[in-house]
Amino acid sequence: MPDLTQVQLLTELEPAAEAELNRHLSLAREWHPHDYVPWDEGRNFAAMGGEDWDPEQSRLDPVAKAAMTLNLLTEDNLPSYHREITEYFSPDGAWGTWVGRWTAEENRHAIVMRDYLVVTRGVDPVALENDRMTNMTKGAHSDDLSGLLRGVAYVAVQELGTRVSHRNTGKACNDPVADKMLQRIAADENLHMIFYRNICAAALDLAPDQAMEAITSVVTNFDMPGIGMPNFRKMSLLMAKHGIYDARQHLDDVLWPIMRKWKIFERTDFTGRGEAARDELAAFLEKSEVDAKRFEEQRDRFLAREAARKEKASA
């Protein structure tokens, strides 16, 4: 049987998209960014006769600063994501309605996070704005995600990863206001993940081999969307070392839950192509388990050395 074309996939999957859109709209909670920002902490910067940012004004430790900055800069690149998702969805019907709704909801995340950071002086607003300009000018380009199936599989994994990152960032901020805000954002990301995850599940039923190949391609080459931003590696390593988002969480809290939901290793409807792709995925997951254990061991040694240095310095 020949592969379904992109038009055929969109047409055949539109009923699932409409059902998932209606489910999302019935569950999505209305909320407003201004309700999650401690405005009474705000004050003017030097341009308005006040005082410009100083590192001592921030209540956030270096880990929380890195996590908040990386997560916000990721959300900022929404125009790129909107452009890309529009390319592999349709602007019409349920597909188009979903793209608009998803974009509007994601934009709230950037609004509230930036307002919180500026009002509380959590990070340097000048550096944040400079990085935003650099990041958005560069944009996000995912040539390897061409096509509906790869795109949907990628966003299903990415949205769940983002949910985990936001939730753990909220805890790391040691601020109940930030924690509540990021819980709200994480709840949105979870609903977004469910939409894409369920569309991908429908694709597995419709075109098992094509969908399986797309999933394997995405998972084995996965990078979070912020990979090209300034200082991404430095910030992501700091987050990983301190449990915000690491290899273990990516494997145990993101990849495996989605694989189980899709019943990847229980399906019997693949041909040789699908079986080969599933075997490749299984080998990758086994290697990922080894890598996660190695990372945990290295991190434990790093944290032990860091604790010893702090103890020695305070003695």
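The values are calculated or read from the model by the stated rules, or taken from the named source; none is laboratory data. Computed from a prediction, not measured in an experiment: that's the story for all the values here. Please note: Cβ atoms are built from the backbone with ideal geometry, for glycine as well, and neighbour counts cover all protein chains shown. When the accessible area is computed, the model is the full protein with side chains, heavy atoms only, and any ligands, DNA or RNA have been set aside. Shrake-Rupley method; radii C 1.70, N 1.55, O 1.52, S 1.80 Å.
Listing for the model above:
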| read-out | value |
| --- | --- |
| Accessible area of residue 306 in the full protein assembly, 1.4 Å probe (Å², nearest 10) | 40 |
| Total formal charge among the other residues, if their Cβ is under 15 angstrom from that of residue 272, Lys/Arg +1 and Asp/Glu -1 | -4 |
| Lysines with Cα under 19 Å of residue 293, excluding same-chain neighbours fewer than 8 positions away | 241 |
| Region 3-103 - percent of accessible surface contributed by carbon and sulfur, probe 1.4 Å | 53 |
| Spin-label proximity, residue 266 to region 199-217 - amide N less than 18 Å from point 7 Å beyond Cα toward beta carbon | 199-206, 208, 212 |
| Among (1) 36, 25, 16; (2) 33, 26, 17; (3) 41, 25, 17, the entry that matches semi-axes √(5λ) of the Cα gyration tensor in Å as calculated here | (1) |
| Net lengthening on full extension, residue 35/residue 300 (0.36 nm per residue, minus Cα-Cα) | 91.5 nm |
| Cβ-defined net charge surrounding residue 109, 12 Å radius [Lys, Arg +1; Asp, Glu -1] | -4 |
| Distance between region 244-315 and region 73-140 - C-alpha centres, whole angstrom | 28 |
| Between region 1-55 and region 189-224, the Cα center-to-center distance that results, in Å | 20 |
| Normalised contact order of the chain, rounded percent, pairs of Cα under 8 Å and 6 or more residues apart | 22 |
| Cβ-based net charge around residue 28, under 9 Å, with every Lys or Arg adding one and every Asp or Glu removing one | -1 |
| Under the Karplus curve 6.51 cos²θ - 1.76 cosθ + 1.60, θ = phi - 60°, whole-Hz ³J(HN,Hα) for region 182-189, x wherever Gly or Pro sits | 6, 4, 5, 5, 4, 5, 4, 4 |
| Extension gain, residue 276 back to residue 289 (0.36 nm per residue minus Cα-Cα distance, nm) | 2.7 nm |
| Accessible-area ranking of 239, 48, largest first, probe 1.4 Å | 48, 239 |
| Förster-model FRET efficiency, 30 Å R0, residue 137 and residue 309, C-beta, rounded to 0.05 | 0.15 |
